[in-house]
Every structure is written in C-alpha cells, then in structure tokens.
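Taking it in order: structure first as structure tokens, then the write-up.
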Amino acid sequence: MFKLISFILLACSVCGSATALEPDKLFTLISPSVWLVRTFDADGLPLGSGSAVVIEKHKLITNCHVLGKASSFSLIKDKVSYKGALEEVDLEHDFCLISVADPHFDAPAVKIADSDQLSVGQRVVTLGNPRALEMTLSDGLISRLQHGDDDQLEAIQTSAPFSPGSSGGGLFDVEGRLLGITQRINVQTGSQNLNFALPINWLRELPERSKAQLGEYYAAKSAHEPAAK
Amino acid sequence: MKYTLLLNTLLACVLASCATPPPQLPPNYVAPIVGPLAKIQVRSNQLAGFGFFYSFDDQRNCKGNRLVTMTKTSQSQLKASTSLRADEPASLWFSYAAPGNRSCNSVRTFKPASGKNYLVYVAATDVGCALSIQDITDPANPKFEPSFFARTYVPTIVQANAHCVATDVDAQIAKARKPNLSGLRMDDLKALLPAAASGNGSETTTK
C-alpha cells in the first residue's frame, strides 16, 4: 500500500514538472514566434527597433510605441525580412496588432496563458531583441503584480531583465505560454531590475478598443478637415 | 455756461486719465464651506521672484480669478491650505514673475473628489512653470491625480476678460483619466493607420 502511494506521488510529481521546459528547450519552442521589428521614416531610413510576438497565423502583437513616428516597418529574423502592416491600435494599453501579408511568412503562433492566473514568485522568461540584439533570452521571477484601483491587473513586474528594443517582446511561463508583452523598465537612479510587462489578457479587448479609438480619431479628423473634393 | 461745462468735463477726463489706479490684486479666494468639498495644500519650490496662486469664479472658463495665496517677498515659497468644491471641475492658476521681467503661467483643471486631500505643487524653473496635483488622502500612498489636464489661458490687458480657451471640460477630464501607456497620439501612427471604417481612403498608407 505504502509503495502504491509512493508510486502515485512520484508519478504525479513527474506529471507536474513534465511541462516545465528547460531554458534551451523553451528557447527552441518560442523563438520562431518572436521577431525583430525595424521601423523606417518617410525616406526609408532606419528609425528604431523593437520586438513582436506571433499570436496567430500572420498576426503579431507589439507595443504601439515601437511603431511611433514610423512610415513603414519590417519584421526580421535570421536575415529574412517581411513588410508589416498595422491592423489594430490601442494606444491606452500600448497594444498594436500587426500583420504580414506575405504568404511565405509561416511563423508559428505561441500559446497564450491567462494573465489573471499569475503568482508572484512564478518563474518566467523573456525573449526579445534588446538593442536589436536578436533573440535574447533572459529569465527571472514575477516580482510583483500591479493592480489598479479597480483591482484589475495593470502590469506584471518581473526580475527578468530587458532593455530598450525588448519592447513588444514576450514574457513567457516555463511552458512557453505568453503571459505578457514586455513594455518598460524603471531607470530611476538606484533602481535595479524593475521591469514591467503588460498582461496578455488585454489582447481580448484589443479589437473593440481599437475600433473605438480609431473611430474617435477619424471622427475628430473629419470634423476638423474640409471634405475632400 | 456751455464753455464752463465743456472745460469741466475736459478737466475731469484729464484728471481721470492721470489718476489711473495702480494694478490691483484680484479679490481673495473665499473657500466654500458647504456641499461636497475637497482640501488642497499648495506648496512651491523656492521662488527667486514672485509667485501667485489663483482659483476662479468660473472654473470651466477660468474667468474671474481669485487670489488664494502669493509670496510676500522674493526668495520665498508659496504655502496655503484651502478647500474646493468637489465633484465638479476646478481650475487652478500658478503665475510667476521672475527677476528681469520674465514670467510664466500654468493653468490646470481637474475634478476633485469629495473628502479627498490634494497636494498642489507648483514650481518655477529656468524652463517655465509647472503645476502637479497629487491625491494625498493617504499620505503614505500619494497618487498623481489622473483627471487633471493643462488649459490654454488667454491673458488680456483687462484681467476681467482673461479666460481659458473653450473646451469640453468634462470630456477632457474623462480623457485625462484614461492612462495612455504608449505615450503616443494617434497622429504619431498616421502613416501606418488602417483605413477608417467609413472608407477614408486618404488615411491609408499601410504597405
């Protein structure tokens, strides 16, 4: 009987850890889905760079601020470049959905977690392109969950380091599921490793919020501009 | 008789123009004592010149300024406590006159909540005036007030005519309350934006 219980306990512990991948395996799993975003000005000159994560076929999520002031942008990996297009915009949440029309773009989508089910202390990894250093993996913990006055999750603070250029990259759990989009760091003097990702559940609201914000923008523009002749 | 009347009138006019009164401070602000109220504490940095802090009779349009406090000497700081009507827009104006005829102004509107205590911190530096508002109801957990937004103040020679540029104050307060994590305006993405649902093709530059 004792042997049976021991066996069941052992089996369960093996089951529980079976999905937690070693960092190298994790990298192999998620890296095809994380891309470098390079932006260009109206003259086609490089403007800036960031990251983006494939969330469904031909669709990626990034931070809008990565695309700020750009006239065009490309998604790059392993010296292969695809032209990107902006599909949906939520400036308030800094979530922008972009697409790649090229049929050769066959990057796999990541699995998406429920960011309302996170725990402080949970192990996480980030994958992005800090300073355009393609595919930089780092690990850490969820250090803190930042909630707003309405108790809604506003940001995931993590000790997994990121840097400028990581914006739009992914914060993943050890099973390779996307928890958040790496967005900002605290660079105040004396700060160390205070990094923030935006909860991936905001993706669910993106279509509606984008429609509302774009609608408001175009309505304001049409109200202030004479009708085209 | 007619000549004397004309002379007297002219004399009166001349005297009146000679006796232009010196610039006067507006009436003092009188804090409300009934209804929903919020408290404000006004503080400033060390001001090399003179600082003035006003509220308004007409809070939406910034008309009829009322003096809340001012520095009595140069090289001093503003310090005052008073109350505002809560749950409606309140406009605050910090005006600073620096040595050497330089001056700056900062006017902000926000919506104080009933029972809250706010720290209004104003500062004048080489680059201009600043006015920030923090909710310090829980002093251990100060929070920047999300509802406040900058107003464009139009000073006039006759102070009574000074006012803020008309705006939909309630809409601006609601808009200011929404955090904008991207730090962008939609125009910053205009070259990339998808077409409007109404078919505004001229806006489409996606490539």
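Compare the peptides B:140-146, B:172-178, A:161-167 by average per-residue count of other Cβ atoms within 10 angstrom and give them in order, highest first. Write out the running numbers ahead of the final one.
Values: B:140-146: 12.1, B:172-178: 15.1, A:161-167: 22.1.
Descending mean neighbour count gives A:161-167, B:172-178, B:140-146.
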## Note on the structure
Relative contact order as a percentage, region A:102-171, C-alpha pairs under 8 Å and 6+ apart, gives 31
### Query
Hey, what D do you get for chain A in µm²/s if you plug the Kirkwood alpha-carbon radius into Stokes-Einstein at 37 °C and 0.692 mPa s?
174
### Query
With each pseudo-label sitting 7 Å past Cα toward Cβ, what's the B:Ala195-A:Asn186 distance in nm, one decimal?
4.6
### Query
Projected onto the charge dipole of the protein assembly as shown (+1 at Lys/Arg Cβ, -1 at Asp/Glu Cβ, origin at the Cα centre), which of B:Pro32, A:Ile61, B:Phe149 gives the Cα projection farthest towards the positive end?
B:Pro32
### Task
Lys and Arg at +1, Asp and Glu at -1: add these up for the other residues within a Cβ distance under 14 Å of B:His163 and post the number.
+1
### Summary
Under 18 Å between C-alpha atoms, the lysine pairs in region B:27-177 lying 8 or more places apart or on different chains count 9
### Task
Could you name the aspartates and glutamates whose alpha carbon sits less than 19 Å from that of A:Lys111, not counting residues in the same chain fewer than 8 places away?
A:Glu22, A:Asp24, A:Glu56, A:Asp139, A:Asp173, A:Glu175, A:Glu205
### Message
Just to confirm my numbers, what's the Cα centroid distance between region A:27-87 and region B:121-135 in Å?
### Response
39
### Query
How far is helix A:206-224 tilted, in degrees, relative to the longest principal axis of the Cα atoms in chain A, given as a value from 0 to 90 rounded to the nearest 10?
20
### Query
Given charges of +1 on the Cβ of Lys and Arg and -1 on the Cβ of Asp and Glu, with all other atoms neutral, how large is the dipole of region A:111-206 about its Cα centre, in debye to the nearest 20?
380
### Summary
With the dipole of the protein assembly as shown defined by +1 on each Lys or Arg Cβ and -1 on each Asp or Glu Cβ, the option from A:Ser115, A:Ile98, B:Ile133 whose Cα lies farthest towards the positive pole is B:Ile133
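Can you tell me, using C-alpha contacts under 8 Å and at least 6 residues apart, the relative contact order of region B:27-177 as a whole percent?
On the way: 370 pairs, mean separation 35.5, N = 151.
Relative CO of region B:27-177 lands at 24 percent.
Would you list A:His65, A:His147 from fewest to most Cβ contacts within 10 Å?
Working: A:His65 22, A:His147 11.
Placing the least packed residue first, the sequence is A:His147, A:His65.
Could you compute the FRET efficiency for A:Ser119 and B:Thr156, with r as their C-beta to C-beta distance and R0 at 45 Å, rounded to 0.05? If you can, show how the numbers build up before the last one.
Numbers: r = 60 Å, r/R0 = 1.32.
Working from the Cβ atoms, E equals 0.15.
Using alpha-carbon pairs under 8 Å, 6+ residues apart, how would you state the relative contact order of chain A in percent? Show your work: numbers first, answer last.
Values: 505 pairs, mean separation 42.1, N = 229.
Relative CO of chain A lands at 18 percent.
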### Task
Straight distance only, please: which aspartates and glutamates reach the Cα of A:Lys57 with their own Cα at less than 15 Å, same-chain residues fewer than 8 apart left out?
A:Glu87, A:Asp102, A:Asp106
#### Entry: Residue order, fewest to most beta carbons within 10 Å, for A:Asp102, A:Asp151
A:Asp151, A:Asp102
### Query
FRET efficiency for B:Arg102 and A:Leu45, Cβ-Cβ distance as r, R0 = 30 Å, nearest 0.05?
0.15
### Task
Set the Förster distance to 60 Å, then compute FRET efficiency between B:Asp58 and A:Asp78 from the Cβ-Cβ distance, nearest 0.05.
0.40
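Only Lys, Arg, Asp and Glu count, each charged at its Cβ (+1, +1, -1, -1), so figure out the dipole size of region A:31-99 about its Cα centre, rounded to 20 debye.
That gives a dipole near 360 debye.
Rounded, prolate or oblate for region B:84-170? Axes are the square roots of the Cα gyration tensor eigenvalues, ordered a ≥ b ≥ c, and the cut-off for rounded is a/c under 1.5. Kindly include the intermediate steps, with their values, before the conclusion.
Numbers: a/c = 2.61, a/b = 1.39, b/c = 1.87.
Here region B:84-170 falls in the oblate category.
Taking the Cα centre of region B:75-134 as origin, work out the dipole magnitude from +1 charges on Lys and Arg Cβ and -1 charges on Asp and Glu Cβ, in debye rounded to 20.
Values: 6 positive and 3 negative charges, 13 e Å.
Computed charge dipole of region B:75-134: roughly 60 debye.
Please report, in whole Å³, the volume per residue of the convex hull around the C-alpha atoms of the protein assembly as shown. It would help to have the intermediate numbers written out before the result.
Details: hull volume 111.8 nm³, N = 436.
Expressed per residue, the convex hull around the Cα atoms of the protein assembly as shown is 256 Å³.
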### Query
Which lysines does A:Lys211 reach when only Cα atoms under 16 Å apart count, and residues fewer than 8 places away in its own chain are ignored?
A:Lys221, B:Lys190
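Quick check: residue separation of B:Thr125 and B:Lys175 times 0.36 nm, minus the Cα distance between them. What number comes out in nm? Before the final figure, lay out each step's value.
Numbers: separation 50, 0.36 × 50 = 18.00 nm, distance 2.84 nm.
Contour length minus Cα-Cα distance gives 15.2 nm.
Coordinate-derived values only; no laboratory data. Values in this document were obtained by computation on a predicted structure and should not be read as measured data. Every residue, glycine among them, receives a Cβ derived from its backbone with ideal geometry; neighbour counts consider all protein chains shown.
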